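Read through the structure below, which is laid out as structure tokens, and then see the notes.
We did not get these values from a lab; they are worked out from the coordinates using the rules stated. For clarity, every value in this text was computed on a predicted model and none was experimentally measured. Here the Cβ positions follow ideal geometry from the backbone for every residue, glycine too, while neighbour counts run over all protein chains shown.
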Amino acid sequence: MGTVTTDDGTVIFYKDWGPRDGRPIVFHHGWPLSADDWDNQMLFFLSHGYRVIAHDRRGHGRSGQPATGHEMDTYAADVTALTDALDLRGAVHIGHSTGGGEVARYVARAKPGRVSKAVLVSAVPPIMVKSDANPGGLPIETFDGFRAALAANRAQFYIDVPSGPFYGFNRPGANVLQGLIDNWWRQGMAGAANAHYACIKAFSETDFTDDLRQIDVPVLVAHGTDDQIVPYEDAAPLSVKLLRDGTLKSYDGLPHGMLSTHPDTVNPDILAFVES
């Protein structure tokens, strides 16, 4: 474990496991979670000889809680500060949900040689919010509802989300895993309410179209078709069309949090892509 301090003085916490000469994989977590959401994947790739790194986004987890910078440009700049400090080269960047947006923004701007591949899992690009240009998106009222629920009772909201749509536990016959719900709540409540509130705008209204077009490394886009948080049809297939070298992997009936509910299905596919 370690920390990096950004240009504006924000301390970014990160985990760094495995051989220093191993190929690095950097994990980018979703909202409102932390690096801990990647425990399964970090252990999996560590067992295959990789160097695995995951950070807590500013305002999340154990990182600093500044008043500003809760938008994608700064998130990507924080990743640059981390990868520069660790001098990571040829890294694979894997992002889930909001973290997928962070990966797209960072990889599109990364210095030559820093990135070899990227993986977007249940990710927010190209853009979530509905508009004339994105008629299949979710209405702004959906995200206004998130903000209202967070401000009114964040602790309850952070039970309701993982208990329901995030992991698909609201579906008939779902195998409800209480540990996942509790761990989601634990991670969320460790972060800052102001950062989480601002991040809703960042993940829902940021347009990643140009970022996806600029990425020149291979990208795997993995998404479950029963994603109730980032609906499949307005995300993964559209992202792949914008990428120069994109591969779409769809998972029939899997939820937004499929990395946690079905790691034995998803992890080997990511490994195969990384090693291809």
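Quick rundown of the values:
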{"quantity": "Around residue 269: net Lys/Arg minus Asp/Glu count, Cβ-Cβ under 14 Å", "calculated": "-1"}
{"quantity": "Shape category assigned to region 126-276 from the gyration tensor of Cα positions, a/c cut at 1.5", "calculated": "oblate"}
{"quantity": "Spin-label pair residue 149/residue 17, simplified geometry with 7 Å Cα→Cβ offset, distance in nm", "calculated": "3.1"}
{"quantity": "FRET E, pair residue 252, residue 73, Förster distance 30 Å, beta-carbon r, rounded to 0.05", "calculated": "0.25"}
{"quantity": "Environment charge of residue 135, counting only residues whose C-beta is closer than 12 Å and scoring Lys/Arg +1, Asp/Glu -1", "calculated": "-2"}
{"quantity": "Relative contact order of region 190-252, pairs being alpha-carbon contacts under 8 Å that are 6 or more residues apart, as %", "calculated": "37"}
{"quantity": "Selected from 184, 17, 38 as most flexible by GNM, with the chain as the system and alpha-carbon contacts under 10 Å", "calculated": "17"}
{"quantity": "FRET efficiency estimate (nearest 0.05) - Cβ-Cβ, residue 262 to residue 186, R0 25 angstrom", "calculated": "0.70"}
{"quantity": "Highest-fluctuation residue, 86, 33, 46 considered, GNM on the chain with Cα pairs under 10 Å", "calculated": "86"}
{"quantity": "Length-normalised contact order of the chain in % [C-alpha pairs under 8 Å, at least 6 apart]", "calculated": "20"}
{"quantity": "Length added when fully stretched, residue 43-residue 131, from 0.36 nm per residue minus Cα-Cα", "calculated": "27.7 nm"}
{"quantity": "Between region 135-185 and region 108-125, the alpha-carbon center distance in angstrom", "calculated": "27"}
{"quantity": "Packing-based exposure ordering (other Cβ within 10 Å, fewest first) of 210, 264", "calculated": "264, 210"}
{"quantity": "Within the chain, helix-based [θ] at 222 nm, where runs of 4 or more DSSP H residues each add -39,500 (n - 2.57), nearest 500", "calculated": "-13000 deg cm²/dmol"}
{"quantity": "Most mobile of 148, 54, 190 in a GNM of the chain (Cα contacts under 10 Å)", "calculated": "148"}
{"quantity": "Pair residue 176, residue 65: separation of 7 Å Cα→Cβ label points (nm)", "calculated": "3.0"}
{"quantity": "Sites matching trypsin sites (Lys or Arg not before Pro) across region 161-247 that sit in DSSP coil, with at most 14 neighbouring C-beta atoms within 10 Å", "calculated": "244"}
{"quantity": "Net charge, residue 251 excluded, C-beta distance under 11 Å - Lys, Arg +1, Asp, Glu -1", "calculated": "-3"}
